[in-house]
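Heads up: the structure comes next, in structure tokens.
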Amino acid sequence: MKKLIIIFLLMILAINIFCEVKPRSKALKSALIPGWGELSMKKSSGYFFMGTELILWAATFYFDNEIDLKEKASKNYAYKYAHINTDIELTEDYLYDVKKYMSSGYEAGGYNAKIVEQAMAMFPDDPAAQTAYIDENTYSDEYYWNWDDTERKHDYAILRKRMTQYDGYIKGITGGIIANHLFSAINSLMIANKINNVELSMDFDEQFNPTFLATYKF
């Protein structure tokens, strides 16, 4: 959100500096609300940019809500099937380790067992350094977890993966929102300057990354 605000302010500043008064007002309208400048000049392209803006924000809110739902679902799932302590603070690093290891213990497949292996490999001839590394990086009993089976662990990993995917979608959509404001401002500027032989359009790929096209009419 901060990036959006900064880019909008820079866009408005550039329009005020480099544009003439009449085109400037139209471009400023579209920079603030895509399509506004076009519609004020009775151009139907404004509906495209305004509609695109509504769709992009709706998608942003949808995926943001889905992330919250998956976050809650994954934690509740781990409480039930990995038996984690409900009183501890669940950091992202901890939740990642819960996803990666069957347990927090010293048995095969456990997180602490992996730390012991790393300590021995890093400090093969220094028991004191091994002990210090183990003490610093292993989980205490308070942070114990142990998955009932690999299938439960896999289901939890899918929930966390969906969160990452949705976050990536939001980043792509945010780029689309920025581009929509920018191209609508440019489009309004061209219309106000009576440059009507260029048409702008936008599409999205499977990852919701925006692609803008400019078509020139000869």
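The values are calculated or read from the model by the stated rules, or taken from the named source; none is laboratory data. As the structure is a computational prediction, the values presented were derived from the model and not from experiment. Here the Cβ positions follow ideal geometry from the backbone for every residue, glycine too, while neighbour counts run over all protein chains shown. Side chains are part of the model used for accessible areas, which takes the heavy atoms of the whole protein and leaves out ligands, DNA and RNA. Shrake-Rupley method; radii C 1.70, N 1.55, O 1.52, S 1.80 Å.
Values computed for the structure shown
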{"read-out": "Restricting segment 180-200 to residues that are modelled with pLDDT of 80 or more and polar (S, T, N, Q), the residue that is surrounded by the most Cβ atoms within 10 Å (Cβ to Cβ)", "value": "Ser188"}
{"read-out": "Segment 62-76, subset in contact (Cβ under 8 Å) with a residue 40 or more places away in the chain and over 30 Å from Ser184 (Cβ atoms), residue surrounded by the most Cβ atoms within 10 Å (Cβ to Cβ)", "value": "Ser74"}
{"read-out": "Any hit, segment 157-164, residues being of a type in the set (Val, Ile, Thr), at pLDDT 90 or above and under 30 Å from Glu66 (Cβ atoms)", "value": "yes"}
{"read-out": "Residue within segment 157-169 that is among the β-branched types (Val, Ile, Thr), out of contact with any Leu (no Cβ under 7 Å at 6 or more places or on another chain) and in contact (Cβ under 8 Å) with a residue 24 or more places away in the chain present", "value": "no"}
{"read-out": "Qualifying residue in segment 133-146 (condition: open to solvent by 40 Å² or more (accessible area, probe 1.4 Å) and more than 24 Å from Glu89 (Cβ to Cβ))", "value": "no"}
{"read-out": "Wholly within segment 18-106, helices (runs of 4 or more DSSP H) carrying at least 2 residues that are farther than 29 Å from Thr150 by Cα", "value": "21-32, 36-40, 45-81"}
{"read-out": "Residue ID - farthest from the chain's Cα centre (by Cα), chosen from residues in segment 97-113 that are buried (at least 16 other Cβ atoms within 10 Å of the Cβ) and among the hydrophobic types (A, V, I, L, M, F, W, C)", "value": "Ala113"}
{"read-out": "Test set (1) open to solvent by 50 Å² or more (accessible area, probe 1.4 Å); (2) more than 21 Å from Thr52 (Cα to Cα) - Lys153 fails condition number", "value": "(1)"}
{"read-out": "Tyr133 part of a helix (DSSP H, G or I), in contact (Cβ under 8 Å) with a residue 12 or more places away in the chain and of a type in the set (Ser, Thr, Tyr)", "value": "yes"}
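So that you can scan it fast, the table gives a plain yes or no per residue for (1) within 26 Å of the chain's Cα centre (by Cα); (2) surrounded by 14 or more Cβ atoms within 10 Å (Cβ to Cβ); (3) modelled with pLDDT under 95:
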site	(1), (2), (3)
Thr60	yes, yes, yes
Ala78	yes, yes, no
Leu90	yes, yes, yes
Leu95	yes, yes, no
Ile115	no, yes, no
